[in-house]
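This report refers to the structure that appears directly beneath it.
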Amino acid sequence: MSKLVAGNWKMFGNKAMISDIKKIDQHCKEKTCEVAICPPFPLISAAHEQTKNIKIGAQNCHININGAHTGEVSAEMLIEVGAQLILVGHSERRQDNYETNDIVKLKSEAVHRAGATAVVCIGETLEERTAEKTLSVLQEQMLNSLPESVTPINTVVAYEPVWAIGTGLVPETDQIRSAHAFIRGFLASTYGAEAHNVKILYGGSVKGSNAKEIFSISNVNGALVGGASLKSDDFIEIIKAASNSM
Ligand code: PGA
């Protein structure tokens, strides 16, 4: 399966940085992996208009199509301005915005209803890993935040250990392998054979220098990249590693 490299710009970026997205898009003319960038909402439309070879995504959406929800944005609105995939349940939203598994599930369903791909983020905290609860936390998160409507087209699962996000810390290869194998097993037993084609991304301090090794781990079908997606040259290094690891 082709790898997906998705950039999560978080609350960074401005109009001038559309030129970085264009540069990445140009590089991706010849690429052999899938590439997406999720900038903040105000940049989605311009990013979409300026790109041909990569997908543009969003970082969050509301559960409803529309309504009296001041300050919120629906999946349908995001698709209309060019988003093709939407992150849901990122650990920063779980922490900062108190998003529970139940909310993440409703948001995933909203993304499916709108016709986009939900990138559902899961992952353990350092405390949970130290207490050897990693797999039970992942199981609980998948059981309660993935909807019945999951298919390889409408869903990507991103495994992001919370302690690896923005810290420069990356799990041991065996830790990534066992988490991804566990996620694959859960998906296959819940959704059947088709779930072997659901992409599972690794996220947390992915850089040009470690991407090759991470992409060589079985059941790692790409990466969700934060910090290193903000500089086009760094992000292109990761795209190259994904293209070469086919
Ligand atoms: P990072 O962030 O690459 O900066 O660790 C990853 C993420 O939060 O998706």
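The values are calculated or read from the model by the stated rules, or taken from the named source; none is laboratory data. This is a predicted model, so every value here is computed, not measured. Heads up, the Cβs are rebuilt from the backbone with ideal geometry, glycines too, and the neighbour counts pull from every protein chain shown. Note: areas computed on protein heavy atoms with side chains; ligands, DNA, RNA excluded. Shrake-Rupley method; radii C 1.70, N 1.55, O 1.52, S 1.80 Å.
Structure values in brief
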item	result
Separation of the residue 189 and residue 95 label points, Cα + 7 Å toward Cβ, nm	3.0
Nearest-0.05 FRET efficiency for residue 172 and residue 136, computed from C-beta distance (R0 25 Å)	0.85
Accessible area (Å², per residue) of the chain, counting only protein heavy atoms and a probe of 1.4 Å	46
Over segment 61-107 - Rg/Rh using Cα atoms and the Kirkwood inverse-distance radius	0.97
Exposed-site-free run, longest, the chain (rule: GluC sites (Glu not before Pro); DSSP loop; at most 10 other C-beta within 10 Å)	1-131
Selection from 142, 75, 6, by position along the positive dipole direction of the chain (Cβ)	6
Pairwise label distance in nanometres, residue 126 with residue 14, each label 7 Å out on the Cα-Cβ vector	3.3
Long-range HN-HN contacts of residue 226 with modeled amide H, under 5 Å	8, 204, 205, 206
Estimated FRET transfer efficiency when R0 is 35 angstrom, pair residue 153-residue 213 (beta carbons, to 0.05)	0.75
Ranking by accessible area, most exposed first, for 182, 12, 41, 235 with a 1.4 Å probe	12, 41, 182, 235
Between segment 100-124 and segment 186-246, the alpha-carbon center distance in angstrom	19
Under-5 Å amide H pairs with residue 99, H placed in peptide plane, nonlocal only	94
Equivalent ellipsoid semi-axes - Cα gyration tensor, the chain, angstrom	24, 23, 17
